[in-house]
């Protein structure tokens, strides 16, 4: 893996982590896991659908991050990584509500 590919993957993982945290804080972990698992075989089509929905989703995610997210979803390894992040949040002591309660205190 070249330095440029490594940098791109790191950026994708940062954005995926941001999206995962957003889903966890909104208590959407289970539906997100369901969608990610069901779209894994169609990851390229899912990324293309994300481009179609870009105007709607930009209310939650800045345009630059959204473009990186759409590109990241094309790679099944990234989908698997994001699912692992969401599952790890579910397994933490206190579950998903612990992360959202911490977020609310910080606000």
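Bear in mind that the values in this text are calculations on the coordinates, not laboratory data. These figures come from a predicted structure and were not determined experimentally.
Tabulated data for the structure shown
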read-out	value
√(5λ) per eigenvalue of the Cα gyration tensor, the stretch 32-78, largest first, Å	18, 11, 10
Nearest 10 degrees, 0 to 90: helix 43-52 Cα axis against the chain principal axis	80
Stokes-Einstein D (µm²/s) once Rh is taken as the Kirkwood radius of the chain over alpha-carbon pairs, at 20 °C in 1.002 mPa s	149
Structure-based [θ]222 nm, the chain - -39500 (n - 2.57) summed over DSSP H runs of at least 4, per residue, nearest 500	-24500 deg cm²/dmol
Segment residue 92-residue 58, extension gain: residue separation times 0.36 nm, minus the distance between their alpha carbons	9.3 nm
Principal axes of the stretch 3-51: Cα extent on each, largest first, Å	35, 26, 17
